[in-house]
Amino acid sequence: MNMKIVGTIFFMLLLISAFLPTVLADPQTELEIHIFGGFPLPFMFHSVGGSITNIGNETAYNITYNMTITGGFLGLINVGFGGFYEKIIQGNAIGISTPEPFGLGPVTVTFSAEASNADLVNISANGFQFRDFTWIPYSWIRF
């Protein structure tokens, strides 16, 4: 008799849970990053830059980022820097810019960012350094 009651209660709970609406939790904070090279017009900036966008539904806190530019002929280009932002409100972005590297040859730019409440994101791009101008093909079109 007790097994019938337990079985009936178990079946009713299973049946009720099948008809309850599904509730989705709020998506966590998510960061999106982009790299862009120097703008190829005179008197415009020639350094490499990036953007960090909060595409999640909550504010991102304690954002740290790092960007490196390495390569060039004979591997003489090696510029790296990082930084910290306290917060990025949802739907907003911040822009960063490197110190202008100097050299000649193909370079690789790597960029990473993370927040205390968001996962680490990485991106890299290949470009070409000509003196103080860093060219990354199609970076402004994608941005």
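The values are calculated or read from the model by the stated rules, or taken from the named source; none is laboratory data. What you see is a predicted model, and the numbers here were worked out from it, not measured in a lab. Virtual Cβ from ideal backbone geometry, glycine too; neighbours counted across all protein chains shown.
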Review point. Going through the stretch 117-143 one residue at a time, which ones are over 14 Å from His34 (Cβ atoms), hydrophobic (A, V, I, L, M, F, W, C) and either within 18 Å of the chain's Cα centre (by Cα) or not in a strand (DSSP E or B) (or both)?
Key: Ala118, Leu120
Review point. With respect to Asn62, is the statement that it is touching a strand residue (DSSP E or B) at 6+ places or on another chain (Cβ under 7 Å), under 21 Å from Val107 (Cα atoms) and either at pLDDT below 65 or loosely packed, with under 15 Cβ neighbours inside 10 Å (or both) true?
Key: no
**Study point:** From the options Val48, Val109, residue that is closer than 16 Å to Ser124 by Cα and at pLDDT below 90
**Key:** Val48
Study note, to complete from the structure: Requiring at least 1 residues that are under 19 Å from Thr134 (Cα atoms) and β-branched (Val, Ile, Thr), the strands (runs of 3 or more DSSP E) wholly within the stretch 36-116 are 60-71, 77-88, 93-97, 103-115
Review point. Which of the residues that make up the stretch 57-102 are at positive phi and more than 17 Å from the chain's Cα centre (by Cα)?
Key: Gly71, Gly72, Leu74, Gly75
Check your understanding: Yes or no: Phe36 touching a residue at least 24 places away in the same chain (Cβ under 8 Å), aromatic (Phe, Trp, Tyr) and in contact with a Phe, Trp or Tyr (Cβ under 6 Å, 6 or more places away or on another chain)?
Key -> yes
Point to revise | Every residue from the stretch 103-121 that is in contact (Cβ under 8 Å) with a residue 24 or more places away in the chain and either β-branched (Val, Ile, Thr) or surrounded by fewer than 12 Cβ atoms within 10 Å (Cβ to Cβ) (or both) | key: Val107, Thr108, Val109, Thr110, Ser116, Asp119, Val121
Check your understanding: Given (1) surrounded by fewer than 15 Cβ atoms within 10 Å (Cβ to Cβ); (2) more than 16 Å from Ser51 (Cβ to Cβ); (3) of a type outside the set (A, V, I, L, M), where does Asn92 come up short, assuming only one miss?
Key -> (2)
